[in-house]
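A.B. asks: This is the structure I want to talk about, given as structure tokens.
Nothing in this text is a laboratory measurement; each read-out follows from the coordinates by a stated rule. Please read all numbers here as calculations on a predicted model, not as lab measurements. No Cβ is skipped: glycine too gets one built from the backbone with ideal geometry, and neighbour counts run over all protein chains shown.
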């Protein structure tokens with residue numbers, strides 16, 4: 001018998017993407033699926049979309065909440081699956097994602113988390129760039145190597161043991177949970193694309209980029225006080241803080257603070273030079289921007305994104321919800 005998998009979708013005023021998200025879950029070729037949808041009281045037609053699918057949902061609600069973490073935690077408390085995950089209302093699962101995650105848990109019964117790769121897409125569903133992960137553990141996560149959230153599945157027992165999402169975090173709430181899980185459980189990575197992460201102007205990490213970077217520093221300050229983590233941070237201090245400087249610089253750059261981003265990238269490179277390989281192009285862009293030459297970087301990225309990413313898959317994506325074909 002296949003283990004039950006519970007998927008939670010938190011939703012708030014994203015009717016433009018919501019139906020594609022729902023269909024990408026319901027079209028998974030997995031029989032033991034429990035789907036929960038937690039809407040924050042949307043007023044844009046989302047509730048009507050949810051009602052069209054309510055016979056396929058284990059539970060749903062549309063009511064005001066305290067934000068994304070609160071909504072997901074509501075779903076966690078309702079979930080009965082051995083395996084749980086959440087898929088935001090503007091993201092997508094790719095065909096076979098749930099089945100592959102379940103098989104990986106079977107191969108690694110000791111794992112608390114399994115994860116794969118994702119691909120970014122714009123608001124029209126045009127695939128842009130691969131978001132590949134790696135065989136990362138606790139130190140990598142503390143260094144802010146980012147696992148793309150929709151490509152993550154967890155054992156419910158592990159999540160219940162370490163605690164649900166901390167609602168005081170708004171941007172790296174997922175990453176902080178991965179760190180808590182990695183402290184007590186093995187994480188297992190399988191190369192391969194499981195999900196689509198949509199990037200669009202209304203996404204919170206774009207609209208609130210400066211606050212996103214500040215939260216990364218807050219997570220490390222928490223880790224330096226946390227039993228079971230503070231020793232790890234101390235032993236890997238330069239490497240870990242270099243990662244925080246680099247992720248902070250990324251969001252400073254996205255927030256239009258090129259000069260501050262350049263300084264933060266410089267601190268990251270000085271603290272842990274090998275990390276420079278992962279951000280040299282953005283470091284260069286931030287430097288050019290401070291000299292008034294930022295248009296060169298924007299030109300490069302515009303040219304780079306003209307050619308859609310070709311996702312190789314053993315299953316057809318021709319009519320997959322939310323993905324622009326051709």
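A.B. asks: For helix 209-223, report the angle its Cα long axis makes with the longest principal axis of the Cα atoms of the chain; keep it between 0 and 90° and round to the nearest 10°.
C.D. replies: 90
A.B. asks: Calculated from the structure, mean projected area of the Cα convex hull in nm² equals which of [x] 15.5; [y] 28.6; [z] 16.4?
C.D. replies: From the options [x] 15.5; [y] 28.6; [z] 16.4, the structure gives [z].
A.B. asks: Pull up the DSSP beta bridges for the chain and report the antiparallel fraction as a percent, rounded to 5. Intermediate results must be reported in sequence, preceding the final value.
C.D. replies: On the way: 10 of 33 bridges.
If we restrict to bridges inside the chain, about 30 percent are antiparallel.
A.B. asks: What's the FRET efficiency of residue 164 with residue 270 using the Cβ-Cβ distance as r and R₀ = 35 Å, to the nearest 0.05?
C.D. replies: Numbers: r = 37 Å, r/R0 = 1.07.
Given R0 = 35 Å and the Cβ-Cβ separation, E is 0.40.
A.B. asks: Can you work out the FRET efficiency for the pair residue 214 and residue 135, with r the C-beta to C-beta distance and R0 = 22 Å, to the nearest 0.05?
C.D. replies: On the way: r = 29 Å, r/R0 = 1.33.
Approximately 0.15, to the nearest 0.05.
A.B. asks: Now, a different point. Taking the Cα atoms only, what angle lies between the long axis of helix 237-254 and the longest principal axis of the chain, rounded to 10 degrees?
C.D. replies: Between helix and principal axis, roughly 80 degrees.
A.B. asks: Could you check how many percent of all C-alpha pairs in region 78-138 are farther apart than 17 Å? Working shown, then result.
C.D. replies: Numbers: 955 of 1830 pairs.
Looking at region 78-138, the distances longer than 17 Å represent 52 percent of pairs.
A.B. asks: Find how much the distance from residue 47 to residue 157 grows on full extension, using 0.36 nm per residue of separation minus their present alpha carbon separation; answer in nm with one decimal. Don't jump to the answer; show the numbers that get you there.
C.D. replies: On the way: separation 110, 0.36 × 110 = 39.60 nm, distance 3.09 nm.
Additional length available on full extension: 36.5 nm.
A.B. asks: Starting with the highest mean, order 226-235, 105-114 by the number of other Cβ atoms within 10 Å, averaged over the residues of each peptide.
C.D. replies: Working: 226-235: 13.4, 105-114: 16.8.
Taking the mean over residues of other Cβ atoms within 10 Å, the ranking is 105-114, 226-235.
A.B. asks: A further question follows. What whole number of Å gives the distance from the Cα centroid of region 25-46 to the Cα centroid of region 105-157?
C.D. replies: The two parts, judged by their Cα centres, are 20 Å apart.
A.B. asks: Fewest to most neighbouring Cβ within 10 Å: what's the order for 241, 194? Each step should come with its number before you reach the end.
C.D. replies: Details: 241 21, 194 26.
Fewest-to-most ranking of 241, 194: 241, 194.
A.B. asks: Arrange the following residues from fewest to most other Cβ atoms within 10 Å of their Cβ: 54, 224.
C.D. replies: Placing the least packed residue first, the sequence is 54, 224.
A.B. asks: How far apart, in nm, are the 7 Å Cα→Cβ label points at residue 184 and residue 23?
C.D. replies: 4.0
A.B. asks: Evaluate the relative contact order of the chain (contact order divided by residue number), counting alpha-carbon pairs under 8 angstrom at least 6 apart; express in whole percent. Could the numbers behind the result be given before it?
C.D. replies: Numbers: 593 pairs, mean separation 57.7, N = 326.
Over the chain, the number comes to 18 percent.
A.B. asks: While we're on this one: Where does region 169-289 land on Rg/Rh, using Cα atoms and the Kirkwood Rh?
C.D. replies: Working: Rg = 15.3 Å, Rh = 15.6 Å.
That ratio is 0.98, to two decimals.
A.B. asks: Expressed in nm to one decimal, what extension gain is obtained for the pair residue 309 and residue 56 from 0.36 nm per residue of sequence separation less their Cα-Cα distance?
C.D. replies: Values: separation 253, 0.36 × 253 = 91.08 nm, distance 3.23 nm.
Stretched out fully, the residue 309 to residue 56 stretch lengthens by 87.8 nm.
A.B. asks: In vacuum, with every alpha carbon of region 1-118 counted as one equal point scatterer, what does the Debye formula give for log10 I(q)/I(0) at q = 0.14, 0.18, 0.23 Å⁻¹? Two decimals, please.
C.D. replies: The Debye formula, applied to the Cα set alone, gives -0.55, -0.89, -1.37.
A.B. asks: Going 7 Å from the Cα of residue 77 toward and past its Cβ, which residues in region 149-168 have a backbone nitrogen under 19 Å from where you end up?
C.D. replies: Label zone hits: 156-168.
A.B. asks: Still on this structure, I have one more. Need the full-extension length gain, residue 278 to residue 110, defined as separation in residues times 0.36 nm minus the C-alpha distance. One decimal, nm.
C.D. replies: So the extension gain works out to 57.4 nm.
A.B. asks: Related question: Using Cα atoms only, what is the angle between the long axis of helix 276-290 and the major principal axis of the chain, expressed in degrees (0 to 90) to the nearest 10?
C.D. replies: Here the helix axis deviates by roughly 70 degrees.
A.B. asks: Going by how many other beta carbons lie within 10 Å of each one, how would you line up 43, 154, fewest first?
C.D. replies: 43, 154
A.B. asks: How high is the relative contact order of region 99-248, in percent, with contacts defined as C-alpha pairs under 8 Å that are six or more residues apart?
C.D. replies: Averaging sequence separation for qualifying contacts and normalising by length gives 32 percent for region 99-248.
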